[in-house]
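The values are calculated or read from the model by the stated rules, or taken from the named source; none is laboratory data. Bear in mind that the values here come from a model prediction, so they are computed numbers and not experimental data. Glycine also receives a Cβ, built like all others from the backbone with ideal geometry; neighbour counts cover every protein chain displayed.
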Amino acid sequence: LKPEHFQLVRRREARILSVPVFAIALAAAYWAAPRMNAAWFYRRDSAQELGAPGWTGAAMTFALFACSVILVACFLAWVPRRTMWFTALGAGTLYGYLLHGFLAKGSRFWDWYDHDWIHRPLGEIAVTVVAAAAMTLLCTPPVQRSFRFVMEPKMRWAFRRDAVDAAKARRSG
């Protein structure tokens, strides 16, 4: 994408329009989640394996990608131009993305979803709030410092100066 494409979502109209689009998407997600097979999101099974006609695979793929593009555009419309208190969290999104899987798998391993109250509207809202808080926590600088050795290891051994010189010598010789 070019900078002009990003400027389209920075306009005031786009920012205003993104609010109801996000609200509708949130309501649709809460409505669809109990009615839809989550395997559609993982895209590892064919439509036939999910018990649907073959043509729905292409339709669902297109629909999910279209929703993703629209919601990413809405999110980018909300990104402020100036530095804010949460700007540091943006630098840690890779940590949240990669580490949240351990929490998701742990929640199933420890049977956190076996309680009936979680499957009621207030429980679903509580899970959403806890998940948002956990993701925010995973993006914080202390978590980044704690896991940097795994996520961003020093690779000096791979970039030794003598290896660079040897490569240049081979290329020129």
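Quick notes on this one:
- Flag if R145 is of a type outside the set (F, W, Y), over 20 Å from W85 (Cα atoms) and either in contact (Cβ under 8 Å) with a residue 12 or more places away in the chain or exposed (fewer than 12 other Cβ atoms within 10 Å of the Cβ) (or both): no
- Neighbours by Cβ (under 8 Å, 6+ apart or cross-chain): first from the stretch 22-49, under 19 Å from I118 (Cβ atoms); second surrounded by 11 or more Cβ atoms within 10 Å (Cβ to Cβ): Y30/E124
- A33 surrounded by 10 or more Cβ atoms within 10 Å (Cβ to Cβ), under 30 Å from V9 (Cβ atoms), at pLDDT below 90 and out of contact with any Lys or Arg (no Cβ under 8 Å at 6 or more places or on another chain): yes
- Among the residues listed as W117, W85, the single one being outside any helix (DSSP H, G or I) and either assigned by TED's automatic domain parsing to the domain that holds I16 or aromatic (F, W, Y) (or both): W85
- Of the candidates G123, G101, G57, the single residue that is modelled with pLDDT of 90 or more, assigned to a helix (DSSP H, G or I) and under 14 Å from the mean Cα position of the chain (by Cα) is G101.
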